[in-house]
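In what follows, a structure is listed as C-alpha cells, so that the remarks can point back to it.
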C-alpha cells in the first residue's frame, strides 16, 4: 500500500500493461524486506511462545527439566540461518533488485501520459497540436467532426484543419488520421506586407487527406541499466568499498587544491629572497598597522585589503557546498556498508525480544502479540531512522547510524530473556497491583 501511495502519480494515465506494474512492485518488494523480515520474526516469535504459554505447554517443557534457553535453541538455529541468508540477500540480491527497480522507475517517470482522444475535449498531448472530435464511433476508430490546430509554423499563427469524418490508425511511432470532406485554413503574410502576418488567407478543400503525428514519446523505452550501477544502493560490499576509496581520494585532492588556492591570498611577497646576503633587522610594529602606511596610500591599501578579503570569502563559500556534498556522499556509502550487516543482527535481536516476551505475556493469536510486536518494532524503527538521519547530517558517527537501535535494544532483549527464564510476571496486572500496594504500605 505504501508503494502504491508513493508512486500512483507516476503510474496512472500512462497506459501501462499489468505486467509492467507487477514487475515494478516485485522489485520494490525486495527493498521492503529490511522492514518486513525483522517485524515478521518479532511477531511470529511472540505468537509462538505466547501460544505455548497460553496452552501451558511451556510449563510442561519446564517440568520435564528443559530450560527456556534449551527450548529456544532449535528456533535460534533457524533464526541464525535466516539471519545469514538475509546478509547474503542484502549483499547480492538487494543491489540487483534496486538496480532493476531504479532503471524501470526512471523509464516509467519519463514516459508521457497515454494518448487518448475524448469527445468534445481538445487534446494537446501531442506537441504543437491540439485535436478535438465531436463524436467517436462505436468501433473506437471512426471520428466525426474533427478539428485540428497545427502550431508547427514559426509565425505563431495556427493552421486549422476541419473535417466531417476521419479514421484513426497507429503503430509504435506514429498516429495516422485519414480525414474526409474537410477544409484546411492557413494564414500568412503577403508578398509586400511582411510586417503584418495576417495579410494572406489560404483555404484548401479536400475529399481525403492523411495527417501524420509523431507519438514515439508516448511509448516507454528501456534505458541501459549500466548508467544506474554506480548508485550507492545498487552496490555490494566490494563496490561500496571501491566507491568510498574513490570518493575519499577525490575529497583529499579537492581539499589540497582548495588549500593551495586560499594560501595564495595570505603569502607575503618576498621577491628578493635568495638574491641578497644583506641581513635586515626585523622591524617591530607597535600600535595599529595602518599607522605604518603613508597617508596618500592608505585609501588604496584599505580598498585592496577589502577586495582581497571579499575574494577569499566568495572563494571559500563557493567551495564549502562542494565539500559538504562530497562528505555527505562518503557518509551515505559508509551507512549503506553498515546496513548490509544490520539486517542480520536485527533479526537475532528481535527474536530475543519476541520469544521471551511471548513466554511472559502468555497470549497467542493475533490480538495482544500483534500490539506488542508493533510497539517494539516502532521503537526499533524510530531509533534506527533518527540515528540514520543524524548520521547523514554529521551529528552522529556513520557507524552508529544503522547500529544505534541494535545497541539500545540489546539490553532490553537480555533483560526479557532473564525475566522469562526466572518465570517473572512482568506484565501480570495483579502482580503490578500488589507491588504498588506493598510500596504504599512501606511508606505508611
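For the pair residue 366/residue 128, report the inter-label distance in nm, with labels modelled 7 Å from Cα in the Cβ direction.
Placing both labels 7 Å beyond Cα along the Cβ direction yields 5.9 nm.
How far apart, in nm, are two points set 7 Å out from the Cα along the Cα-to-Cβ line at residue 5 and at residue 309?
5.3 nm
To make sure I understand, if each residue's beta carbon is the centre and we count other beta carbons within 10 Å, what order do 132, 205 fall in, fewest to most?
Details: 132 19, 205 8.
By the 10 Å Cβ count, ascending: 205, 132.
If I stretch the segment between residue 144 and residue 203 completely, what's the gain in nm (0.36 nm per residue apart, minus their alpha carbon distance), one decimal?
Values: separation 59, 0.36 × 59 = 21.24 nm, distance 2.09 nm.
Going from the current span to full extension adds 19.2 nm.
Computed FRET efficiency, Cβ-Cβ of residue 170 and residue 316, R0 56 Å: what is it to the nearest 0.05?
Working: r = 58 Å, r/R0 = 1.03.
It comes out at approximately 0.45.
To the nearest 0.05, how large is the calculated FRET efficiency for residue 96 and residue 152 if R₀ is 45 Å and r is the Cβ-Cβ distance? Before the final figure, lay out each step's value.
Values: r = 45 Å, r/R0 = 0.99.
After rounding, the FRET efficiency stands at 0.50.
What is the order of 160, 84, fewest Cβ neighbours within 10 Å to most? Write down the numbers at each step before the final one.
Working: 160 15, 84 12.
By the 10 Å Cβ count, ascending: 84, 160.
Once the Cβ-Cβ distance between residue 293 and residue 385 is put in as r, and R0 is 60 Å, what FRET efficiency do you end up with, to the nearest 0.05? Provide the component values of the computation, followed by the final result.
Details: r = 59 Å, r/R0 = 0.98.
So the FRET efficiency works out to roughly 0.55.
Within a 10 angstrom radius of the beta carbon, how do 245, 150 rank from fewest other beta carbons to most? Write down the numbers at each step before the final one.
Numbers: 245 11, 150 17.
Neighbour counts put them in this order, fewest first: 245, 150.
Multiply the residue separation of residue 285 and residue 433 by 0.36 nm, subtract the distance between their alpha-carbon atoms, and state the gained length in nm to one decimal.
45.2 nm
Roughly what would the spin-label model give for residue 251 and residue 106, points 7 Å off Cα along C-beta, in nm?
With each label point 7 Å from Cα toward Cβ, the separation is 2.5 nm.
I need the Kirkwood Rh of the range 1-93: take the reciprocal of the average 1/r across all distinct C-alpha pairs and report it in angstrom. Intermediate values should be presented prior to the final figure.
Working: mean 1/r = 0.0596 Å⁻¹.
16.8 Å is the Kirkwood radius here.
Once fully extended, how much extra length lies between residue 162 and residue 118, figured as 0.36 nm per residue of separation less the alpha-carbon to alpha-carbon distance?
Working: separation 44, 0.36 × 44 = 15.84 nm, distance 1.68 nm.
Net length gain for the segment: 14.2 nm.
Mind ranking 71-83, 246-258 by how tightly packed they are, going by the mean number of other C-beta atoms within 10 angstrom, highest first?
On the way: 71-83: 15.2, 246-258: 12.8.
Taking the mean over residues of other Cβ atoms within 10 Å, the ranking is 71-83, 246-258.
Since every read-out is calculated from the coordinates, none of them should be taken as a lab result. Please read these numbers as outputs of a predicted model, since none were measured by experiment. All Cβ positions, even for glycine, are placed from backbone atoms using ideal geometry, and neighbour counts span all protein chains on display.
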